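Single-structure report; data block below.
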Amino acid sequence: MAGENLKVLNALDSAKTQWYHFTAIIIAGMGFFTDAYDLFCISLVTKMLGRIYYHKEGSPKPGSLPPNVSAAVNGVALCGTLAGQLFFGWLGDKLGRKKVYGITLMLMCLCSIASGLSFGHDAKSIMSTLCFFRFWLGFGIGGDYPLSATIMSEYANKKTRGAFIAAVFAMQGFGILGGGIFAMIVSAAFEAKYPAPAYQVDALASTVPQADYVWRIILMVGAMPAILTYYWRMKMPETARYTALVAKDLKQANADMSKVLQVDIEAEQPKVEEKVGNPSNSFGLFSKEFLKRHGLHLLGTTSTWFLLDIAFYSQNLFQKDIFTAIGWIPPAKTMNAIKEVFTIARAQTLIALCSTVPGYWFTVALIDKMGRFAIQLLGFTMMTIFMFALAFPYNHWTQPGHHIPFVVIYSLTFFFANFGPNATTFVVPAEIFPARFRSTCHGISAASGKLGAIVGAFGFLYLAQNQDKAKTDAGYPPGIGVKNSLIVLGVINLLGLLFTFFVPESKGKSLEEISGETEDTIEGGE
């Protein structure tokens with residue numbers, strides 16, 4: 001009998017989909033809405049920051065952020081996120097998911113508001129404080145990744161667990177969409193109230209003093225959704241799997257889940273002691289036993305997330321540059337500062353609406369039918385094909401009249417990133433590791449992804465520069481051009497496809513069955 005799972009965990013695994021599942025999705029999902037809004041809204045306002053703080057008198061082009069400043073503003077939140085994923089992932093296994101969950105949310109809210117205040121008047125002090133607060137904003141966002149995924153996987157039933165975790169992650173799509181729509185509303189309102197000529201007509205008057213409020217409002221509003229869910233986050237009980245298997249308090253786990261599931265669950269304390277006390281179930285994270293059982297799994301989750309994020313972030317953070325290159329966004333000098341924010345936001349919103357959001361929800365609908373492995377393999381395969389389809393005839397796509405097919409293929413790449421590895425790399429690490437390492441291993445996998453995002457975000461800035469020195473952006477050395485950058489991204493997606501074979505399928509199994517925790521007790525019981 002020792003191999004059987006605990007009754008409270010069986011009750012969770014076999015529970016019908018109930019209201020508490022949806023409240024958990026919304027509570028965890030609003031954190032992800034905020035994460036996506038905060039991480040991606042910076043790409044909407046970087047051009048404006050360049051115009052306001054780096055205006056050069058007599059220059060034919062509007063001011064732009066110097067390369068080092070642009071890299072810092074775009075990338076500092078990603079560095080913070082990486083650190084936060086490792087730290088809070090580890091802390092979530094040490095102190096419990098719930099205790100750490102509130103800390104990450106408060107940090108996100110405070111730093112989101114502070115990043116819009118940025119102290120000082122000159123460019124250097126404003127960029128320094130913006131980067132400082134965006135690092136700590138990223139640190140809070142980082143904690144949300146392992147904690148939200150782990151909480152949702154430990155609350156869900158085994159039949160629809162994949163869809164529930166994917167639904168939390170899918171709120172990212174709404175965050176990107178919300179950021180774009182809000183930026184359009186704010187910029188349209190300011191444009192109507194404070195009309196200004198285009199840069200080429202009057203360079204100085206094209207950036208009205210009130211433009212300084214636009215980027216601050218866009219950044220600060222990111223705190224709102226997270227603040228609204230703080231109360232409910234604090235009211236969520238600790239997950240039964242943490243309380244029973246890690247904290248070893250089965251009585252509390254039964255009491256918590258009896259309230260949540262609205263059923264009586266009888267106590268079985270000796271079984272949990274047997275389960276957790278068994279020597280074969282007490283190996284450490286850096287032990288040979290862990291390496292033997294889960295080493296390849298961790299390699300699979302970290303490598304696929306790393307490779308996916310190189311491609312995903314290099315596109316997403318710099319899609320405005322791609323749109324400008326193909327003529328979807330007019331040259332900067334033909335617009336004023338506020339109009340430019342509106343145009344970039346509109347392009348990002350259209351991409352989110354047509355490909356990003358639908359991709360996420362396709363995953364939610366099909367992940368428990370097709371399985372994680374099949375969706376990830378399909379996603380990487382299609383991304384590879386579409387990247388090469390954009391890259392090799394790139395000169396053809398830049399000709400007038402060919403822009404729409406380019407944007408369609410570009411959108412399909414995004415669609416298959418989200419109906420593919422962008423969702424599955426988040427779901428799988430929350431399922432395949434033992435409860436006492438679950439949050440840590442998810443944090444390690446996610447941090448590996450953010451390392452890829454940093455490579456994509458910083459690397460693409462330099463790589464995509466024109467090979468002709470005369471045509472590069474101000475302050476950048478010549479790169480390999482957009483065409484060759486797209487070929488590199490295609491190869492990266494191909495590698496992601498190969499590393500997917502290290503990732504096990506977790507569809508329809510209980511968490512203890514996947515992680516081998518029930519096998520341990522069978523051995524111990526014999």
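The values are calculated or read from the model by the stated rules, or taken from the named source; none is laboratory data. Nothing here was measured: the structure is a model prediction, and the numbers come from that model. Methodologically, a virtual Cβ is constructed for each residue, glycine included, from the backbone with ideal geometry; neighbour enumeration extends over all protein chains shown. Ligands, DNA and RNA are stripped out before the accessible areas are found, and what is left, the full protein with its side chains, is counted by its heavy atoms. Shrake-Rupley method; radii C 1.70, N 1.55, O 1.52, S 1.80 Å.
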**Request:** Pick out the one residue from 332, 311, 255, 337 that is closer than 30 Å to residue 418 by Cβ, aliphatic (A, V, I, L, M), at pLDDT 70 or above and over 26 Å from the mean Cα position of the chain (by Cα).
**Result:** 332
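Determine whether residue 200 is open to solvent by 30 Å² or more (accessible area, probe 1.4 Å), polar (S, T, N, Q) and not in a helix (DSSP H, G or I).
On the way: open to solvent by 30 Å² or more (accessible area, probe 1.4 Å): yes; polar (S, T, N, Q): yes; not in a helix (DSSP H, G or I): yes.
Answer is yes for this residue.
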**Asked** So, in region 233-247, of the ones that are within 12 Å of residue 435 (Cβ to Cβ) and in a helix (DSSP H, G or I), which residue ends up most open to solvent (accessible area, probe 1.4 Å)?
**Response** 246
**Request:** Taking the residues in region 189-215 that are over 19 Å from residue 53 (Cα atoms) and aliphatic (A, V, I, L, M) as candidates, determine which candidate is nearest to the chain's Cα centre (by Cα).
**Result:** 189
**Request:** Would you mention how many residues in region 166-196 are surrounded by fewer than 22 Cβ atoms within 10 Å (Cβ to Cβ), of a type in the set (Gly, Ala, Ser) and either assigned to a helix (DSSP H, G or I) or at pLDDT 95 or above (or both)?
**Result:** 3
**Request:** Among the residues of region 415-429, count how many are β-branched (Val, Ile, Thr) and open to solvent by 10 Å² or more (accessible area, probe 1.4 Å).
**Result:** 0
**Message:** Cβ-Cβ under 6 Å, sequence separation 6+ or interchain: first residue in region 506-524 and modelled with pLDDT of 85 or more, partner in a helix (DSSP H, G or I) and of a type in the set (Ser, Thr, Tyr). Which pairs?
**Reply:** 512/518
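Residue 125: open to solvent by 10 Å² or more (accessible area, probe 1.4 Å), of a type outside the set (D, E, K, R) and either closer than 24 Å to residue 48 by Cα or assigned to a helix (DSSP H, G or I) (or both), yes or no? Spell out the reasoning first.
On the way: open to solvent by 10 Å² or more (accessible area, probe 1.4 Å): yes; of a type outside the set (D, E, K, R): yes; either closer than 24 Å to residue 48 by Cα or assigned to a helix (DSSP H, G or I) (or both): yes.
In short, yes.
Taking the residues in region 7-34 that are β-branched (Val, Ile, Thr) and open to solvent by 50 Å² or more (accessible area, probe 1.4 Å) as candidates, determine which candidate is nearest to the chain's Cα centre (by Cα). Break it down into steps so the answer makes sense when it comes.
Taking region 7-34 first, the residues β-branched (Val, Ile, Thr) are 8, 17, 23, 25-27, 34.
Those still in the list that are open to solvent by 50 Å² or more (accessible area, probe 1.4 Å) too: 17, 26.
On the way: 17: 26, 26: 16 Å.
Checking each candidate, the answer is 26.
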**Fill in**
Checked pairs for region 208-235, first within 21 Å of residue 196 (Cβ to Cβ) and among the acidic types (Asp, Glu), second at pLDDT 85 or above and open to solvent by less than 50 Å² (accessible area, probe 1.4 Å), C-beta under 8 Å and 6 or more apart or across chains, list as 212/52
**Prompt:** For residue 469, all conditions in the list (1) open to solvent by 30 Å² or more (accessible area, probe 1.4 Å); (2) under 26 Å from the mean Cα position of the chain (by Cα) hold save one; what is the number of the exception?
**Reply:** (2)
**Qualifying positions in region 278-308 - of a type in the set (Lys, Arg) and either at pLDDT 90 or above or under 31 Å from the mean Cα position of the chain (by Cα) (or both)** = 292, 293
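Could you list, in sequence order, the residues of region 258-277 that are at pLDDT 75 or above and surrounded by 17 or more Cβ atoms within 10 Å (Cβ to Cβ)?
Just the residues of region 258-277 that are at pLDDT 75 or above, to begin with: 258-261.
If the condition is that a residue be at pLDDT 75 or above and surrounded by 17 or more Cβ atoms within 10 Å (Cβ to Cβ), then 260, 261 are the ones that fit.
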